[in-house]
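The values are calculated or read from the model by the stated rules, or taken from the named source; none is laboratory data. Since the model is a prediction, treat every value here as computed from it, not as a measurement. Positions of Cβ are backbone-derived with ideal geometry, glycine not excepted, and every protein chain shown enters the neighbour counts. Only protein heavy atoms, including side chains, enter the accessible area calculation; ligands, DNA and RNA are left aside. Shrake-Rupley method; radii C 1.70, N 1.55, O 1.52, S 1.80 Å.
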Amino acid sequence: MTTPSDSYDRQGLEVLLEKSPQKIVGISLLKQDLKKLNLSDIIFKDCDFSGSDLSGAYLEGAELIGCKAYGSKLKYAHSDDAKFRNCNLAMTDWEGAHLSSSAFSGCKLTGANFRRSHTLGISFQECILVNAMLQNISFGNSELLRNDFSEADLAGADFSDTTFKECSLRGAWLRLARFRGADLRGCDLGGLTLADAIVLKGAVVSKAQAAELLRSIGVLVH
């Protein structure tokens, strides 16, 4: 296990990687060019990648725990089977990234961009995804726990047969999203109107949620 505590640039990190560490703790890599580096199967703990460019980097099987990568670029990164736990990944750009079977838990992903990324089997648990761009992602047949999708762009997303527990879709953009068989009783649907709710066709909602949707068009339920 490698536990350096000072700042590194690309060259310093490459020297460190030549030692084939299994775990790297506490390094700072602010605003560095880390494009196409091979970081696969390494555990990173309490590291700071904020503002760095990891476009095309290899993170397959890697695990990031308590790390920061605010505003980092991960476009076209190879991150299949990667795990991200309790990380600040706000404003990260994952456009075109490979994220199949990757898992995010306890992460801040405010404003993150997942456009055109490859996300088969991706999972989010207890994540903040406010204003995130998650178009066309499939969450089908999964359980979503304590995820905040408020104001997120979920156009074309597939939530078929998905169970929501303590989640929020408040103000989310849901055009062409699919919810057939989804259980939304554990989800905040505030801000949706009955006109918006047409995409919820086939979903299960509570009586209170249905009444709130009707109230949005002036229908009072007693």
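What to note about this one:
- Here Leu176 passes the criteria (1) of a type in the set (A, V, I, L, M); (2) at negative phi; (3) assigned to a loop (DSSP other than H, G, I, E, B) except the one numbered (2).
- For the range 25-51, the set of residues classified as in contact with a Gly (Cβ under 9 Å, 6 or more places away or on another chain), of a type in the set (Gly, Ala, Ser) and at negative phi consists of Ser40, Ser50, listed by residue number.
- Of all the numbered requirements in (1) surrounded by 17 or more Cβ atoms within 10 Å (Cβ to Cβ); (2) more than 12 Å from the chain's Cα centre (by Cα), Thr110 misses one, and that requirement is (2).
- Test result for Phe44, of a type in the set (Phe, Trp, Tyr) and within 24 Å of Ala152 (Cβ to Cβ): no
- Considering (1) at pLDDT 90 or above; (2) surrounded by 18 or more Cβ atoms within 10 Å (Cβ to Cβ); (3) over 22 Å from Leu109 (Cβ atoms), the lone condition that Ser168 does not fulfil carries the number (3).
- Matching residues in the range 50-85 - criterion: being open to solvent by 10 Å² or more (accessible area, probe 1.4 Å), part of a loop (DSSP other than H, G, I, E, B) and touching a Cys at 6+ places or on another chain (Cβ under 8 Å): Gly66
- Of all residues in the range 12-28, at least one satisfies being farther than 21 Å from Ser105 by Cα and in contact with a Phe, Trp or Tyr (Cβ under 6 Å, 6 or more places away or on another chain).
- The residue that is most open to solvent (accessible area, probe 1.4 Å), among those in the range 38-48 that are in contact with a strand residue (DSSP E or B) (Cβ under 7 Å, 6 or more places away or on another chain) and in a loop (DSSP other than H, G, I, E, B), is Asp46.
- Pick from the range 88-107, criterion aliphatic (A, V, I, L, M) and open to solvent by 10 Å² or more (accessible area, probe 1.4 Å), ranking: farthest from Asn147 (Cα to Cα): Met91
Rundown of residues vs (1) under 17 Å from Asp93 (Cβ atoms); (2) in contact with an Asp or Glu (Cβ under 9 Å, 6 or more places away or on another chain), yes/no style:
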{"position": "Leu13", "(1), (2)": "no, no"}
{"position": "Leu16", "(1), (2)": "no, no"}
{"position": "Gln22", "(1), (2)": "no, yes"}
{"position": "Gln32", "(1), (2)": "yes, yes"}
{"position": "Lys35", "(1), (2)": "yes, yes"}
{"position": "Cys47", "(1), (2)": "no, no"}
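- Matching residues, the range 72-98, being under 20 Å from Cys167 (Cβ atoms) and of a type in the set (A, V, I, L, M, F, W, C): Phe84, Cys87, Leu89, Ala90
- Filtered residue count, the range 167-184, keeping only those that are in contact (Cβ under 8 Å) with a residue 24 or more places away in the chain and farther than 19 Å from Phe124 by Cβ: 1
- Selected residue (criterion: nearest to Leu129 (Cα to Cα)) from residues of the range 90-117 that are not in a loop (DSSP other than H, G, I, E, B) and not aromatic (Phe, Trp, Tyr): Lys108
- Taking the criterion of being open to solvent by less than 10 Å² (accessible area, probe 1.4 Å) and closer than 18 Å to Thr92 by Cα, the residues of the range 114-156 that qualify are Phe114, Phe124, Cys127, Leu129, Ala132, Leu134, Ile137, Asn147, Phe149, Ala152, Leu154.
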